[in-house]
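Novice: What follows is a structure written as structure tokens; I'll ask about it next.
Quick note: the coordinates plus some simple rules give every number you see, no bench work behind them. Predicted, not measured: the structure shown is a model, and the values here were computed from it. Cβ placement follows ideal geometry from the backbone for every residue including glycine, while neighbour counts extend to all protein chains displayed.
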Amino acid sequence: MFSILKSFLFNLDPETAHDLAIKSLKYNPFPSKMFEVEDEQMLNIELLGKIFPNPIGLAAGFDKSAEAYNSLLKLGFGFVEVGTVTPLMQFGNPKPRIFRLEDDQALINRLGFNNDGIETIKARIKSNRKKGILGVNIGPNKETKDQKNDFCLGLKNFFDIADYITVNISSPNTEGLRDFHDQKRLVDLIVTLNKIKKDKGTDIPLFLKISPDINDSYISEIAEAAIKNNISAIILTNTTNGNRDNLKSEFKKEKGGLSGDPLHQISTNMIKKFYKELNSKIPIIGVGGVNSGKSAYEKIIAGASLLQLYTAFVYRGPSAAKDIKKELIQILKAEGIKSIKDVIGKDV
Ligand SMILES: Cc1cc2nc3c(=O)[nH]c(=O)nc-3n(C[C@H](O)[C@H](O)[C@H](O)COP(=O)(O)O)c2cc1C
């Protein structure tokens with residue numbers, strides 16, 4: 001069925017197709033039972049005091065303004081991350097700003113944090129009780145004079161309505177944002193956020209989302225800063241603004257972040273490196289080119305406890321999570337493994 005829908009959607013420009021998908025998803029009439037799979041309990045993961053029904057999450061950027069997260073949870077995702085949310089609503093960069101690289105099973109985007117802003121999004125989440133695990137990804141406005149303060153506003157507004165907050169320092173489309181990978185700036189940011197948590201008396205987990213484009217020398221410094229300052233999980237990775245040489249599609253030279261298949265190995269390698277540095281003290285959420293049971297399994301044995309995807313949702317459609325869960329269970333059974341938790345980091 002998706003093949004007919006796909007040929008229709010792929011005839012539209014990518015952003016129009018995305019907006020249409022969000023609008024229709026709001027009215028998703030299908031019961032969640034339809035997207036559960038046999039033996040799904042093999043995929044249960046207990047983390048941070050919560051039970052994730054399965055490790056396949058929807059990555060930030062699809063439901064930027066929290067319009068459809070409950071419908072997305074119903075499609076069989078183990079958790080959904082909305083955002084990136086900035087303090088003020090913003091339109092983002094001029095269109096066109098999303099490109100489909102079909103021959104590469106990839107996307108390039110330079111959206112620039114288009115979203116409805118904290119006030120609207122907070123009200124939306126409050127009026128639509130979440131029916132599963134919901135993360136809120138926060139970031140700064142393009143025109144802000146103080147990026148750190150924008151992160152503080154994000155935390156102050158969402159700590160009591162989300163299951164976790166992702167501190168997104170890794171979008172390639174907001175100038176200066178990736179400078180927070182510098183250890184001094186990173187520690188200063190996390191210490192400030194931890195003070196807010198203390199003031200508010202909250203224990204909301206903070207996740208940190210990292211760029212795949214950092215130099216290896218940053219890895220140990222980021223891991224050290226995260227361990228010392230009580231970060232609850234590291235998300236690896238955001239999109240890359242390099243790695244264009246081996247692409248086939250006509251849009252390969254477009255400016256922006258590359259996601260999907262060409263990112264898979266890059267982010268998996270980074271997961272392995274972080275897994276060694278983190279020494280099981282902080283769990284990893286693997287993201288980048290997860291589009292099959294095989295690619296999901298590769299990230300788990302590289303050290304990821306949970307996964308997220310975006311681009312595969314575009315190419316595989318509404319049954320992406322269900323199909324990947326099924327394929328993953330098949331792999332586990334073939335390997336004689338009873339539970340996904342038994343293989344996290346097995347390859348490192
Ligand atoms: C169109 C698009 C928009 C995105 N917007 C965001 C965003 O707002 N915040 C963020 O942290 N990541 C954003 N991402 C990155 C994804 O969350 C994810 O890290 C990346 O796409 C790699 O996963 P994938 O290969 O499964 O797509 C976006 C990705 C795409 C393709």
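Novice: Give me His264, His18 sorted ascending by neighbouring Cβ count inside 10 Å, so fewest comes first.
Specialist: His18, His264
Novice: On to the next question. Counting every Cα pair in region 155-292, what percent are over 25 Å apart?
Specialist: Of the Cα pairs, 29 percent sit more than 25 Å apart.
Novice: Based on the alpha carbons, how large is the Rg to Rh ratio for region 234-348 when Rh follows Kirkwood?
Specialist: Details: Rg = 14.5 Å, Rh = 14.6 Å.
Value, to two decimals: 0.99.
Novice: Using a/c under 1.5 as the rounded threshold, could you call region 106-208 rounded, prolate or oblate? The axes a ≥ b ≥ c are square roots of the C-alpha gyration tensor eigenvalues, and prolate needs a/b larger than b/c, oblate otherwise.
Specialist: Since a/c reaches 1.5 but b/c is at least a/b, the shape of region 106-208 is classed as oblate.
Novice: Moving on to the next point. What is the percent of Cα-Cα separations in region 274-314 that go past 13 Å?
Specialist: For region 274-314, the share of Cα pairs beyond 13 Å comes to 49 percent.
Novice: Note the full-extension length gain between Leu48 and Ala334 as 0.36 nm times their separation in residues minus their Cα-Cα distance, in nm to one decimal.
Specialist: Separation in residues times 0.36 nm, less the Cα-Cα distance, equals 100.0 nm.
Novice: In square nanometres and to one decimal, what's the mean projected area of the convex hull around the Cα atoms of region 179-245?
Specialist: 4.8
Novice: List the relative contact order of region 14-161 as a percent without decimals, with contacts defined as Cα pairs under 8 Å and 6+ residues apart.
Specialist: Reported relative contact order: 22 percent.
Novice: Between Ala59 and residues 5 or more places away or on another chain, which pairs have amide H atoms under 5 Å apart, with H built 1.01 Å from N, and which residues are they?
Specialist: Excluding prolines and chain starts, which carry no amide H, the hits are Leu309, Tyr310.
Novice: Show me the ranking of peptides 250-257, 135-142 by mean Cβ neighbours inside 10 Å, starting with the highest.
Specialist: Averaged packing, sorted descending, gives the order 135-142, 250-257.
Novice: Let me ask something additional. For the chain, just the Cα atoms, rotate onto the principal axes and tell me the three extents in Å, largest first.
Specialist: 49, 46, 45
Novice: Cα atoms only: what Rg and Dmax, in Å, come out for region 20-110?
Specialist: Using the Cα atoms of region 20-110, the pair Rg, Dmax is 15.7, 46 Å.
Novice: Suppose R0 equals 22 Å. What FRET efficiency, 1/(1 + (r/R0)^6) with r the Cβ-Cβ distance, do Asp39 and Lys341 give to the nearest 0.05?
Specialist: Calculated transfer efficiency: 0.90.
Novice: Taking the number of other C-beta atoms within 10 Å as the exposure measure, put Asp261, Asp342, Asp188 in order starting with the fewest.
Specialist: Starting with the residue having the fewest Cβ neighbours, the order is Asp342, Asp188, Asp261.
Novice: Okay, moving on. If you take the beta carbon distance between Arg244 and Leu20 as r and set R0 to 41 Å, what does 1/(1 + (r/R0)^6) give as a FRET efficiency, to the nearest 0.05?
Specialist: 0.90
Novice: Here is a follow-up. What Rg and what Dmax come out for region 233-274 when only alpha-carbon atoms are used, in angstroms?
Specialist: Looking at region 233-274, its Cα Rg and Dmax stand at 11.3, 36 Å.
Novice: I would also like to ask the following. Looking at the square roots a ≥ b ≥ c of the eigenvalues of the Cα gyration tensor of region 55-94, which shape do they give, rounded for a/c under 1.5, prolate if a/b is larger than b/c, or oblate?
Specialist: prolate
Novice: Calculate the length of the line joining the C-alpha centroid of region 246-321 to that of region 5-59, in whole Å.
Specialist: Cα centroid to Cα centroid, the span is 17 Å.
Novice: In whole angstrom, how long is each semi-axis of the equivalent ellipsoid of region 136-190, when you take the square root of 5 times every eigenvalue of its Cα gyration tensor and sort them from largest down?
Specialist: Semi-axes, largest first: 18, 13, 11 Å.
Novice: Further, regarding this structure: Given Cα pairs under 8 Å that are at least 6 residues apart, what percent is the relative contact order of the chain?
Specialist: Values: 722 pairs, mean separation 61.3, N = 348.
Averaging sequence separation for qualifying contacts and normalising by length gives 18 percent for the chain.
Novice: Starting with the fewest neighbours, write out Val314, Val191, Val167 ranked by other beta-carbon atoms found within 10 Å of each beta-carbon.
Specialist: Least crowded to most crowded, the residues run Val191, Val167, Val314.
Novice: Just the C-alpha atoms of region 76-141: what Rg/Rh do they give, with Rh taken as the Kirkwood radius? Intermediate values should be presented prior to the final figure.
Specialist: Numbers: Rg = 14.3 Å, Rh = 13.6 Å.
When Rh is taken as the Kirkwood radius, the ratio is 1.05.
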